[in-house]
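**Q** Pasting a structure below so you can have a look.
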Amino acid sequence: MSNKGILICGLPCSGKTTFIAALWHTVFYKQTTTTLVLNSFPKNRSYINRLAKNWATFKPLDRTTLTENNQISLNVRDVGSGRNFDLNLPDLSGENWQNLWINRSCSDEIANLVKNSDCVMLFIHADKIIQPICIEIDQYDDDEVVVTDFKEWDPTKSPTQVVLVDMLQSILQIREGETRARLAIVISAWDKARATGLTPETYLGSYFPLLKQYIDSSRKIGECKIFGVSAIGGDLEVAAELTRIKEHSVATERVQVVSGDIECKDLTLPIHWLISKNDE
C-alpha cells in the first residue's frame, strides 16, 4: 500500500471542488471506465457525498470557505498495475492560495500540507482569466511617457499567470529539500476553451506563456502534464447548455477529459498520471 499526498491548489473558483465532486461520483457509481477504481468507502464521506449529489443534480456547489480544511481520503487500486493507494486530497479554499500572493505568507497548516505532498495538481479556470494590461501611451512630453489614467494597484486584480507563477514558486520553496515535484495542470471548464481548436498543451503556451516558461525552466518541477477537464460539461447558467447536458441519462457522460491525443470521461486520469511514477 502506497500513501500519496496530492496537493490540490488553485485560485478562487478555479474548479477544484467541482472536480472532487465529479471524481467521487465517478468512482462511487462506476458508470464509466477508469484507470483507478475505489477499493473501499472512506469512513467520513458526508462532505463529498453532499458535493457529488449537488453536482449530479446540476445545483451550484458551496464554495469552500477560507477556514475550511476538508481532508478527503480515498483508497484506490490502479487497474493496470494492481497497486493500491491511499490518496489524500485536501479541498482548500482558493483564497488560501491567493493569499500566498497577497499577504506573502501562509499558515503553518498550509505549509505542512505542502511539505507532506508528493505531487501537485494546479487548477486553472479557462473562463476566469485576468490578462495582462498593455500600457497605453496617451501623449509624449520631451520623449517621456506621460500616464494620464493612473489606478492604484490591487493585488486581487493581478494577471492570473503572474499570480500562478508566484504561487508555484512559494509552494516549491516550502518543499525545499524535497524531491522535484511532479505537476499536473488541470485547465477546468475546458468546454469554454474547445472553440480555440488548441490542445491543452498549446492552450497553456498561448494563454499563459509566462507560466509555461516558468514550468519549463524550473529545476524544482519534475515532469509536467496538461489536462483539459470539463467536470460539468457546459455552462449551467446558459439555458441551451443546461438543456443539452441534462439529456445525458448517465451523469458522467457529460464529463470531458482531454490530454494529448486522449479524449475520454475518466476523471481519475490526472491523478493516475501523478501517482504512476513509481509504477513505470
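Values in this text are rule-based calculations from the coordinates and carry no lab data. On a predicted model such as this, the values are computed, not experimentally measured, just so you know. For neighbour counting, all protein chains shown are included, and Cβ atoms are generated from backbone atoms with ideal geometry for every residue, glycine included.
**Q** Let a ≥ b ≥ c be the square roots of the eigenvalues of the Cα gyration tensor of region 179-280; is it rounded (a/c under 1.5), or, if not, prolate (a/b larger than b/c) or oblate?
**A** Oblate, since a/c reaches 1.5 and b/c is not below a/b.
**Q** Calculated FRET efficiency, Phe28 and Leu198, Cβ-Cβ r, R0 35 Å, to nearest 0.05?
**A** Computed FRET efficiency for Phe28 and Leu198 comes out at 0.60.
**Q** Next question, about the same structure. Using a Gaussian network model of the chain whose springs link C-alpha atoms within less than 10 Å, name the residue from Ser170, Ser230, Ser107 with the highest mean-square fluctuation.
**A** Of the options given, Ser107 has the highest mean-square fluctuation.
**Q** If you don't mind, there's one more thing I want to ask. Normalised by the number of residues in the chain, what is the relative contact order in percent for Cα pairs under 8 Å and 6+ residues apart?
**A** Relative contact order for the chain comes out at 22 percent.
**Q** Add -39500 (n - 2.57) for each DSSP H run of 4 or more in the chain, then divide by its residues: what number comes out at 222 nm, to the nearest 500 deg cm²/dmol?
**A** Calculated from helices alone, the mean residue ellipticity at 222 nm is -9500 deg cm²/dmol.
**Q** A further question follows. Set the Förster radius R0 to 41 Å, insert the Cβ-Cβ distance between Trp153 and Glu263 as r into 1/(1 + (r/R0)^6), and round the FRET efficiency to 0.05.
**A** Computed FRET efficiency for Trp153 and Glu263 comes out at 0.50.
**Q** Another question about this same structure. I need to check one value: relative contact order of region 190-280, counting alpha carbon pairs closer than 8 Å and at least 6 residues apart, in percent.
**A** In percent, rounded to a whole number, it is 28.
**Q** Please state the shape class of region 145-237: rounded when a/c is under 1.5, otherwise prolate if a/b exceeds b/c and oblate if not, all from the C-alpha gyration tensor.
**A** Note, shape of region 145-237 comes out oblate.
**Q** Got a sec to turn the phi values of region 2-14 into Karplus ³J(HN,Hα) couplings, 6.51 cos²θ - 1.76 cosθ + 1.60 with θ = phi - 60°, whole Hz, x for Gly and Pro?
**A** Karplus values, whole Hz, x for Gly and Pro: 10, 8, 10, x, 9, 7, 8, 9, x, 6, x, 6, 9.
**Q** Also, quick follow-up: What is the list of residues in region 1-27 whose amide nitrogen lies under 18 Å from a point 7 angstrom out from the Cα of Ser81, following Cα to Cβ?
**A** Inside the label zone: 1-7.
**Q** Could you check what % of the DSSP bridge pairs in the chain are antiparallel, to the nearest 5?
**A** 50 percent
**Q** Moving on to the next point. Quick one: grab the alpha carbon gyration tensor of region 1-109, order the square roots of its eigenvalues as a ≥ b ≥ c, and give me rounded if a/c is under 1.5, else prolate or oblate depending on whether a/b is larger than b/c.
**A** Because a/c hits 1.5 or more and a/b fails to exceed b/c, region 1-109 counts as oblate.
**Q** Same structure again: Grab the other residues whose beta carbon is less than 9 angstrom from that of Ser259, score K and R as +1, D and E as -1, and report the net.
**A** -2
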